[in-house]
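Comments concern the structure below.
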Amino acid sequence: MVDPGQPVSKAPRGEKSRRLAEELRRGIAELRWPDGRLPTEQSLAREQGVSLNTVRRAVDLLVADGLIYRRQGSGTYVAPGRDSAGPVVGMCVPSMTYYYPRVIAGVEAELTRRGGQLLIRSTGYDVARERSAAQGMLAAGAAGLLLVPEPRTDPMRQLAEFEALGLPVVTVERRFATETDQHEFVCSNHAAGAYAAVRHLVSLGHRRIGYLERHSPFTADAVGTGFRTALSDAGLDADGTPHIGRPRWESSDVEGFLDELLAAGATAALCFADREAALLVAAALRRGLRVPEDVSVVGYDDEVADLSEVPLTAVSPAKAEVGRLAARALLRRIEKPDAPVVQQLVVPRLIVRDSTGPAG
């Protein structure tokens, strides 16, 4: 994960182009280049202290997302449609550097297609900043809000706060999961993602599968539910292998988990998230174990899974699609305030790479 205040030039190797793409995306959202023309690639390279190739890869990412386009012999421009008379939408996200950039890209693509514009603020997982950002975007003329709210102990009070804003709100990658949910949301079905990961391992002949969990109030419970349900449906004992959670995992902690995994006779593990899975792969290799021949490992989020020493099989939430659907839901709510409330779940995909194989 990259510190949002960290210069692009200080980002880890392999992350610079993505970090620069996120910085350019933020500049586009903030209308930093009102004439629609981005600085030259040479200028960006000098300003950010990175190579020209890094800039080109970053620009390629935004071209692929439909946010910008190259005009031969002229330069790079923001895609048309941003200055039309479509609605202005506000979006609050906890981070601009991990997980959410692709969600934002999906929102941008849909709004561009519909002639809308996006105001975006990062809250740093801070409730007070979230509230202030939402109020600021309302004052700036936002016709509706896409929110990734911080968890609170009273979900019904949170719903009341949303209603008090006086304009349409769709939550993104957050749901209250109560029987009386009345808010509109678009979320990844993380339980289904974990279920697919375990079923993949079972299909490869693994019968003892551990779970390494980083505590998260947003995702971990759902991933754990999918893990246990998949084992149960396969007739396997969820209590037979380690299921350990921590607020943060370090290399020494993962070494201990690997000890328990091997002692239990496990041949595979699901890890939440990619960083933890990469740590487990590194620990196994230090022991002289082979991945996947001796132990198979699955990551979650697919943010940095392909950068692991052994590229990780990983659950990949459809982040851009979540963003597109959330934008569509909010635009529909703006256009038709009395339309029925729609709550949408998007099932993640499993991306199979080198870290999983048949049980030995």
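How high is the FRET efficiency between VAL127 and GLN72 when r is their beta carbon distance and R₀ equals 41 Å, given to the nearest 0.05? Kindly include the intermediate steps, with their values, before the conclusion.
Numbers: r = 48 Å, r/R0 = 1.16.
Efficiency computed from Cβ-Cβ geometry: 0.30.
Would you kindly compute the Cα radius of gyration of the stretch 68-212 and its largest Cα-Cα separation (Dmax), both in Å?
When restricted to Cα atoms, the stretch 68-212 yields Rg and Dmax of 19.1, 59 Å.
Quick check: convex hull of the Cα atoms in the stretch 278-360, volume per residue, rounded to a whole Å³? The partial results should precede the final answer.
Values: hull volume 7.3 nm³, N = 83.
That works out to 88 Å³ per residue.
Looking at the calculated P(r) for the stretch 238-296, what percent of the C-alpha pair distances fall above 15 Å? Don't skip to the answer; put the middle values down first.
Numbers: 713 of 1711 pairs.
The proportion of pairs with Cα distances above 15 Å equals 42 percent.
Counting other beta carbons within 10 Å of each Cβ, put ASP181, ASP154 in order, fewest first. Kindly include the intermediate steps, with their values, before the conclusion.
Working: ASP181 15, ASP154 10.
The order, fewest Cβ neighbours first, is ASP154, ASP181.
Give me, ordered by chain and number, the residues 5 or more places off GLY144 or on other chains with an amide H under 5 Å from its own placed amide H.
GLY90
Would you mind checking the tilt of helix 274-286 against the longest principal axis of the Cα atoms of the chain, expressed as 0 to 90 degrees and rounded to 10?
Value to nearest ten degrees: 30.
If you place +1 on the Cβ of every Lys and Arg and -1 on the Cβ of every Asp and Glu, how big does the dipole about the Cα centre of the chain come out, in debye to the nearest 20? Write down the numbers at each step before the final one.
On the way: 44 positive and 46 negative charges, 233 e Å.
That gives a dipole near 1120 debye.
Got a sec to turn the phi values of the stretch 185-191 into Karplus ³J(HN,Hα) couplings, 6.51 cos²θ - 1.76 cosθ + 1.60 with θ = phi - 60°, whole Hz, x for Gly and Pro?
9, 10, 9, 6, 8, 5, 5
Rank-order 103-113, 65-75, 17-27, 51-61 by packing density, defined as the average count of other C-beta atoms within 10 Å over each peptide's residues, highest first.
Numbers: 103-113: 23.9, 65-75: 13.2, 17-27: 22.1, 51-61: 18.1.
Ranked from most to least packed, the peptides come out as 103-113, 17-27, 51-61, 65-75.
Roughly what angle does helix 52-64 make with the longest principal axis of the chain, taking Cα atoms, 0 to 90 degrees, to the nearest 10?
The angle comes out near 80 degrees.
Quick one: compute the contact order of the stretch 123-237, relative version, from alpha carbon pairs under 8 angstrom and 6+ residues apart, as a percent. Intermediate values should be presented prior to the final figure.
Numbers: 101 pairs, mean separation 23.7, N = 115.
Worked out over the stretch 123-237, it gives 21 percent.
Let me test this: with uniform point scatterers at the alpha carbons of the chain, what is the Debye-based log₁₀ I(q)/I(0) at q = 0.13, 0.14, 0.15 1/Å?
Values returned for q = 0.13, 0.14, 0.15 Å⁻¹ are -1.06, -1.17, -1.27.
To test your reading of the geometry: what angle, between 0 and 90 degrees and rounded to tens, separates the Cα axis of helix 251-263 from the longest principal axis of the chain?
Once rounded, the angle reads 40 degrees.
Relative contact order for the stretch 173-327: what percent, with Cα pairs under 8 Å and sequence separation of 6 or more?
Normalised by residue count, the contact order of the stretch 173-327 is 24 percent.
Give me Rg over Rh for the stretch 8-78, both radii from the alpha carbons and Rh done the Kirkwood way, two decimal places.
Numbers: Rg = 11.3 Å, Rh = 12.1 Å.
With Rh from the inverse mean 1/r over Cα pairs, Rg/Rh is 0.93.
Which whole number of Å³ per residue matches the convex hull of the alpha-carbon atoms in the stretch 86-157?
On the way: hull volume 6.6 nm³, N = 72.
Taking only Cα atoms, the stretch 86-157 has a hull volume of 91 Å³ per residue.
Could I get the Rg over Rh figure for the stretch 177-286? Both from C-alpha atoms, Rh via Kirkwood, rounded to two places.
Numbers: Rg = 14.6 Å, Rh = 14.6 Å.
My calculation puts Rg/Rh at 1.00.
Assuming R0 = 35 Å, can you tell me the calculated FRET efficiency for the pair GLU250 and ARG13, based on Cβ-Cβ distance, to the nearest 0.05? Walk me through the numbers before you get to the answer.
Details: r = 21 Å, r/R0 = 0.60.
For GLU250 and ARG13, the calculated efficiency is 0.95.
Values quoted throughout were computed directly from the atomic coordinates according to the rules given, and no laboratory measurement underlies them. These figures come from a predicted structure and were not determined experimentally. Positions of Cβ are backbone-derived with ideal geometry, glycine not excepted, and every protein chain shown enters the neighbour counts.
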